[in-house]
Amino acid sequence: MVASLVNVIGFTTGAILYAMLLWMVVRSKPTDQRWFASSSDRLSLLTGVLGLFWNIGAFSAYGLPTLGLVEPSPLLMSFAFSALGFLPAVVVHSVLRSRGKLDRTLDRGILYFAYALSFSSSVLHVDAALRWRLPFSQSAFLILMAGFAAVMIALLADTRKTPGSSRALWVVALAVFAVSALHLSKHTGTDPWWLELLGHHASLPLALAFLHQDYRFALADIFLKRALALIVLVCLVFGTYALGVAPIFSTWTIQGGADEQMILMLLAMWVATALVYPWIRSMTAWFVDNVVLQRPDYDMLLAQAGQAMARQDTAESILEDLKGLIGPALCARSVQWRAENCQNPRLIQNIVATTARSATVVIPTVEMPQYIVSITELEGGRRLLSDDIAAIEKLAHLVARRIDAIRTAEERFERDIRERAMSQLASEAELRALRAQLHPHFLFNALTTIGYLIQAAPDKALSTLMRLSGLLRSVLRSSPEFSTLGEELTIIAAYLDIESARFEDRLSVTIDVSEDLRRLRIPTLILQPLVENAIKHGISESRAGGEVRISADLIGSETQTPSLRVVVRDTGAGGSGPQFASGRSRGVGLNNVEKRLNCYEKDQAHMRISSQPGIGTQIELVLPVRTIEEPVRA
């Protein structure tokens, strides 16, 4: 009875495993490839077909009679044994093909010999079925065992010291063991259960080896989790019955029986089994995912993704980081992305769309273009489980929020640049208007001086006019917005020379500026209106005249950037606060200078005025220090 149960369970399990292998081979074929154009695909397909045929045929011979059904014909059984006999030849072919083309004489010799062994054993099996009505031939088993032992020795010598040789030899060894163990059993169904297991089900490790090598995720997700859960459940039930329930039943039976109590206890066990099975299945799933498959910790993956993407400032670099994270986590050979104005409602709604060996992920950014990430060629027969899909969706939302943040920052930056450019254009237009306002004002005052000299000192008029001509040429030419302090002082000195001809001894001029400071850059014609204001409203209003003094120095602490301070002081008439306010409301010069400072330097430059009646006026300009080469912020 136990041997029959072993056969039923073993052949059923073998049929499931080889059917899974066959299904995974068919499922993993790329859609753009011709039907199994690859030799390795054809060999894997043939392995699945042969193993499935053997287990179905053997189940019909050793499992159906146990269930009370009719045994199959010996010819059908001979075909089943022949299918199992071809398994090691196909495996040897796969190993040799994996090393490259079969262009070596030794490789071809081993392959031809392996297929000759399998073919010979098949002929013997069929002959035994036709001639003697026997399902198999013992001679065929001996030929397979001895022949493939020689093949193993030849492969060991041929493949030693080559990459992956040990792994390949183990697979061949399992295939050889599957057929070599056949001669141990009498194949009558009367052997002990362990002998039936060894003789009829030695091909199970080969199926597990193929699935684990090429489709380990499919093996674990589809088969291993369920198998382990059932094994744990069976062990728990049998253990509970043997250690707890059976002794109680024995005691009750000795004491005179308690049928109702036994039935209630059995019902309680059934209910407990139903309640505990979901917990067992979840625990086995956790064990397979974290211990056997070592699936990634998605919480840690999301944290790493957040840290990596925070360091990036472009959508392209973020998506490249996403490729580097998703590929290893999902065992994907290819992860690609593209920009697209996504109009597919299914993709937009689901974010993650999965197929047999691929997934398409939409990065749900607020604005177009959105990005499509294609994950293809999942290795190991991997399927995307609910945890995988949930993690991918979280990653997609994380990437989308980061890209949206970068786009928002870029839009704000571009808007600031546009606003700054418009402000700069407006400031330049205002500066041009202010400079145009200075030119006629300066020319009017200069001509007034010449007119006075013609009347008061005709002899000086001509030389003063020539000096004025050179001065106006310097002032009225198309000059840049900025010049050096030295160039400005040259123009001011020429202007003061003209005014000295008019005021004679009433005007004294002092310019105290070092050569180092003369190289610093200041706005063009920013000092001339101050000097002109000192002459017009200070010296000319005082009968005794006075002195105009121009000085410059650097101010600021050691820890701060120094500023240039230029002081224009006169010892003329001076004035009170209300007088200055009234004069500025009607005048041009000081208001012009103040507006230009605001346009050029904003909060970094300012002008201070102090004046006292009968003592004089002092105007102080503070400007940021800039050399000739240094740019100016608008």
Equivalent ellipsoid semi-axes, the stretch 258-322, via Cα gyration tensor eigenvalues times 5, rooted, Å: 52, 10, 7
message: Which one, LEU204, LEU224, GLY244, projects farthest toward the positive side of the charge dipole computed for the stretch 186-245 from Cβ point charges (K/R +1, D/E -1)?
response: GLY244
task: Kindly state, to the nearest 0.05, the FRET efficiency for MET466 paired with ALA493, given R0 = 22 Å and r defined as their beta-carbon distance.
output: 0.90
- request: Compute the length gained on full extension between ASP416 and ILE231: take 0.36 nm times their separation in residues and subtract their Cα-Cα distance, giving the result in nm to one decimal.
  value: 59.8 nm
- request: Give, in nm to one decimal, the length gained when the segment between ALA150 and ASP404 is fully stretched (0.36 nm per residue of separation minus the Cα-Cα distance).
  value: 84.8 nm
- line: The residues PHE79, PHE444, sorted from fewest to most surrounding Cβ atoms within 10 Å, come out as PHE444, PHE79
field: Protection proxy ranking of 542-551, 83-92 - average other beta-carbon atoms within 10 Å, highest first
entry: 83-92, 542-551
- prompt: Which of rounded, prolate, oblate describes the stretch 457-624, given a ≥ b ≥ c as roots of the alpha-carbon gyration tensor eigenvalues and a/c under 1.5 marking rounded, otherwise prolate only if a/b is larger than b/c?
  reply: oblate
Length added when fully stretched, GLN213-GLU541, from 0.36 nm per residue minus Cα-Cα: 107.5 nm
- request: Run the quick spin-label model on LEU266 and ASN290: label points 7 Å from Cα toward the beta carbon, then report their separation in nm to one decimal.
  value: 3.9 nm
message: As an exercise, use a Förster radius of 56 Å and the Cβ-Cβ distance of TRP170 and ARG626 to find the FRET efficiency, rounded to the nearest 0.05.
response: 0.10
query: Kirkwood Rh, the stretch 230-292, all Cα pairs: how many Å?
result: 13.3 Å
message: Using only the alpha carbons of the stretch 298-411, what is the convex hull's orientation-averaged projected area in square nanometres?
response: 6.6 nm²
statement: Most exposed to least, judged by fewest other Cβ atoms within 10 Å, MET145, MET77, MET466 sort to MET466, MET145, MET77
query: Is the stretch 2-214 best put as rounded, prolate or oblate by its Cα gyration tensor, with a ≥ b ≥ c the root eigenvalues, rounded for a/c under 1.5, and otherwise prolate when a/b is larger than b/c, oblate when not?
result: prolate
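Any read-out appearing in this document is the output of simple, stated calculations on the displayed coordinates, not a laboratory observation. Not measured: the values here are computed from a predicted model. Virtual Cβ from ideal backbone geometry, glycine too; neighbours counted across all protein chains shown.
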